[in-house]
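Chemist: First the structure, which I've put down as structure tokens, then a few questions once you've had a look.
The values are calculated or read from the model by the stated rules, or taken from the named source; none is laboratory data. As the structure is a prediction and not an experimental result, all values here were calculated from the model. Don't worry about glycine lacking a Cβ; one is built from the backbone with ideal geometry, like all the others, and counts go over all protein chains shown. In case anyone asks, the SASA skips ligands and DNA or RNA and just uses the protein heavy atoms, side chains included. Shrake-Rupley method; radii C 1.70, N 1.55, O 1.52, S 1.80 Å.
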Amino acid sequence: STMRKRKTMDSPCSSTDVSEGKEKLRLKQEVGLISGVSLIAGTMIGSGIFMSPEWVLHHMGSPASSLLIWAACGLLAMFGALSYAELGTIIKESGGEYIYILRIFGSFPAFLFAYTSVILVRPAGLAAVCLSFAEYAVAPFYPGCSSPQVVVKCTAAACILLLTIINCLNVRLATSIMNIFTAAKLLALLMIVVGGLVLLAKGQTQSFQNAFQNTTAGIGAVGVAFYQGLWSYDGWNNLNYVTEELKKPEVTLPRAVMIAIPLVTCLYLLVNVSYLAAMTPVELLSSGAVAVTWGDKVLGSWAWLISLSVALSTFGSSNGTFFSGGRVCYIAAREGHMPDILSMAHVRCLTPSPALLFTSAMSLIMIISGSFTSIVNFFSFIAWFFYGMTISGLLYLKIKKPELPRSYKVPIVIPIIVLVAAVYLVLAPIIDQPQIEILYIVLFIFSGIILYFPLVRFKCHPRFLQKVTLHLQLFLEVAPTTRDAN
């Protein structure tokens, strides 16, 4: 072994097994049903519901059609999550889409997913949520004017560094923070819902008169509206990234999905109704931050509660994104698609700290170079391309390998609907409003070919990498892990 011999059996945060004289390191199974629901709901409820409603309304043109988009997005997220729940009970390994694509389609497409996700998608998504957190966190210190970008970016970077420390120290600490912040953001959304119901009871229903007037019918506009709505639902698949850390995954995974996603969908619809009760469609479209405008109109001097709620919500969401995103990097490295050091776990705290540190570093680079508004549509384009590939893999298993043991089965019509929706979401914006940036994204995905064949297929690894890995192991106090056989 390249690690120094360490006795970790007596450590309170260790969970190693000794078999045939060798230490075996595994990530602990510490995510139960409540933490599972919190991971899904806590990641889904981030900045989207506070920022996306105006853009959904902008692309759809009318209040009623925008509410239909929000409901359809929730239904699509539910169908997708139920399909993933069956995959999770067939392939009981962490890694989400990556591990499913690897086991069903093979090494090459799985590498392209890992390469795109680890280098671009996950860090970009985390950076976007942290930038959103920073915008709301620093806004009270700059009343009446926009916050300086350097302050916003430094706050976002501090958020990422804090999340890195929390997630590297202890899985239980990370999940506890998730539970607390999920409860806080649910209370914030309930506050908006109750405020909206009071306004409706007082007769403020002008936004719902002729509610379908000016509805947009273009396929591209509907596709982009779906992108904006689905950004708010992103996270419905997060529990599949940590399957090996679930207690009784065959039970916990489907149950958590069935609780979390309908809960979030109902809240989102009621929150949108509340926004439309407080504001006319014109006011909503002209609002820079819908939730803050709602707070100014409804709460008056207590409007600061909304900024605080959004900051708490986005911090909790970024914690969930970071928790699951680091696992993709860790699992891909364990399968030989990333450097070996990223597949290791801390010998005492049993967290995949090298993978978390790498995800953190990539996110910090994204924060320096990007902005929130430059991410959502292209993030969704890549995500739904790979969601479609994963769902087609489930259909293949259902048709060709029905004998595989599975504790949960989803009706075949549900993954078919998700696959049709994924094809639509990928193709509609390209056909209706082609953008050069989408070509750049496709070129980036397939640029992974340059790395795959020499480094993965033919295993041409420079010798100095072994020395670098050894020194990093000693410095970070990490060791290789074994796969958890559920």
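Chemist: Please determine, in degrees from 0 to 90 and to the nearest 10, the orientation of helix 436-446 with respect to the longest principal axis defined by the Cα atoms of the chain, where the helix direction is its Cα long axis.
Modeler: The answer is roughly 20 degrees.
Chemist: Relative contact order for segment 33-430: what is it in percent, counting Cα pairs under 8 Å that are at least 6 residues apart?
Modeler: About 38 percent, as a whole number.
Chemist: Further question on the same structure: Taking the alpha-carbon centroid of each part, what is the distance from segment 46-75 to segment 126-157 in angstrom?
Modeler: So the separation of the two Cα centres works out to 24 Å.
Chemist: Let me know the shape class of segment 126-193, please: from the alpha-carbon gyration tensor, a ≥ b ≥ c as square roots of the eigenvalues, rounded when a/c is under 1.5, otherwise prolate if a/b is greater than b/c, or oblate.
Modeler: Judged from the Cα gyration tensor, segment 126-193 comes out oblate (a/c at least 1.5, b/c at or above a/b).
Chemist: Does segment 397-483 come out rounded, prolate or oblate by the C-alpha gyration tensor, with a ≥ b ≥ c the root eigenvalues, rounded set by a/c under 1.5 and, if not, prolate when a/b is larger than b/c and oblate if not?
Modeler: Oblate is the answer for segment 397-483, as a/c is 1.5 or above yet b/c matches or exceeds a/b.
Chemist: Return one quarter of the surface area of the convex hull spanned by the alpha-carbon atoms of segment 87-133, equal to its mean projected area, in nm².
Modeler: Working: hull surface 15.1 nm².
Dividing the Cα hull surface by four gives the mean projection, 3.8 nm².
Chemist: Would you mind calculating the gained length between Ser447 and Gln435 on full extension (0.36 nm times residue separation, minus the Cα-Cα distance), in nm to one decimal?
Modeler: 2.4 nm
Chemist: Let me ask something else about it. For Leu404 and Leu162 in the same chain, what is the full-extension length gain: residue separation times 0.36 nm, less their Cα-Cα distance, in nm?
Modeler: Here the segment from Leu404 to Leu162 would lengthen by 82.9 nm.
Chemist: Here is a further query. Summarise the accessible area of segment 281-393 (1.4 Å probe, protein heavy atoms) by the percent that is carbon and sulfur. Intermediate values should be presented prior to the final figure.
Modeler: On the way: 2420 of 3540 Å².
Carbon-and-sulfur percentage of accessible area, whole number: 68.
Chemist: Provide, for q = 0.06, 0.08 Å⁻¹, the log10 of I(q)/I(0) from a solvent-free Debye sum over equal Cα point scatterers in the chain.
Modeler: Evaluating at q = 0.06, 0.08 Å⁻¹ gives log10 I(q)/I(0) of -0.27, -0.48.
Chemist: Quickly rank 336-347, 148-159, 317-328 as a protection proxy: mean count of other C-beta atoms within 10 Å, highest first.
Modeler: My ranking of the peptides, most packed first, is 317-328, 336-347, 148-159.
Chemist: So, counting K/R as plus one and D/E as minus one, what does the shell of residues with Cβ under 13 Å around Tyr275 add up to?
Modeler: Net of charged neighbours comes to -2.
Chemist: Calculate, for segment 82-156, the solvent-accessible area per residue in square angstrom, rolling a 1.4 angstrom probe over the heavy atoms of the protein chains.
Modeler: Working: 2250 Å² over 75 residues.
Counting only protein heavy atoms, the per-residue value for segment 82-156 is 30 Å².
Chemist: While we're on this one: Counting Lys +1, Arg +1, Asp -1, Glu -1, what net charge surrounds Gln466 among other residues with beta carbon under 15 Å of its beta carbon?
Modeler: Local net charge: +2.
Chemist: Further, regarding this structure: List the pair-distance distribution P(r) of segment 58-184, using every Cα-Cα distance, as the percent of pairs falling in each 10 Å bin from 0 up to the bin containing the longest distance, rounded to whole percents.
Modeler: In whole percents, the pair-distance histogram is 10, 21, 34, 27, 7, 1.
Chemist: What is the angle, in °, between the Cα long axis of helix 33-44 and the longest principal axis of the Cα atoms in the chain? Nearest 10 is fine, range 0 to 90.
Modeler: It works out to around 60 degrees.
Chemist: Going through the cross-link list Lys92/Lys409; Lys92/Lys459; Lys202/Lys297; Lys92/Lys398; Lys92/Lys400; Lys153/Lys467, which pairs have a Cα-Cα distance over 25 Å in this structure?
Modeler: Beyond 25 Å: Lys92/Lys459; Lys153/Lys467.
Chemist: Let me ask something else about it. To the nearest 10 square angstrom, how much accessible area does Met366 have with a 1.4 angstrom probe?
Modeler: Taking all protein chains as shown, Met366 has close to 40 Å².
Chemist: So what are the ³J(HN,Hα) numbers for segment 85-99, from phi and the Karplus equation (6.51, -1.76, 1.60; θ = phi - 60°), rounded to whole Hz, Gly and Pro as x?
Modeler: Result, rounded to whole Hz: 4, 5, 4, x, 8, 8, 10, 8, 10, 6, x, x, 3, 4, 5.
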